[in-house]
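Everything below concerns the one structure shown next.
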């Protein structure tokens with residue numbers, strides 16, 4: 001059982017467009033390695049095409065895709081996480097979940113994690129409710 005949603009993610013000072021992956025045990029926060037604006041700066045059309053080729057060919061993959069919890073979810077989930085950098089992995093039991101104006105915060109004593117995705121807010125709340133996690 002898992003949920004992947006896109007939005008703006010933040011873990012500490014690192015933030016940007018990315019994805020939130022919720023499983024029954026953990027919260028994963030991913031950020032895009034290269035945004036479209038950065039790709040254009042790095043070489044225009046050639047940089048854009050090169051980064052897409054590296055992402056699709058799997059040469060730009062991180063070791064996080066070999067995480068046991070992600071491996072259990074299968075290849076469709078791993079494909080959705082290509083080209084993303086792991087910002088944080090936090091056990092769901094060790095974080096305080098709060099609703100914010102645009103999304104959610106998953107706070108631990110060590111790290112403050114934010115997800116902003118107003119479009120997916122109800123979907124995330126329903127998933128957390130299904131897991132029996134109260135959202136303040």
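The values are calculated or read from the model by the stated rules, or taken from the named source; none is laboratory data. Everything numeric in this text was worked out from a predicted model, so none of it was measured. In this analysis, Cβ positions are derived from the backbone assuming ideal geometry, glycine residues included, and neighbour counts consider all displayed protein chains.
Side notes on the structure shown:
- Within segment 13-38, the residues that satisfy the criterion of being farther than 20 Å from residue 121 by Cα and at pLDDT 85 or above are 13, 14.
- A single member of 81, 87, 102, 73 is in contact with a helix residue (DSSP H, G or I) (Cβ under 7 Å, 6 or more places away or on another chain) and modelled with pLDDT under 90, and it is 81.
- Per the conditions (1) surrounded by 17 or more Cβ atoms within 10 Å (Cβ to Cβ); (2) without any contact (Cβ under 8 Å) to a residue 60 or more places away in the chain; (3) in a helix (DSSP H, G or I), the sole criterion not satisfied by residue 127 is (2).
- Checking residue 93 against (1) under 20 Å from residue 67 (Cα atoms); (2) touching a helix residue (DSSP H, G or I) at 6+ places or on another chain (Cβ under 6 Å), the condition it does not meet: (2)
- Answer residue from segment 72-96, given it is more than 21 Å from residue 13 (Cβ to Cβ) and in contact with a strand residue (DSSP E or B) (Cβ under 7 Å, 6 or more places away or on another chain) and is surrounded by the most Cβ atoms within 10 Å (Cβ to Cβ) among those: 81
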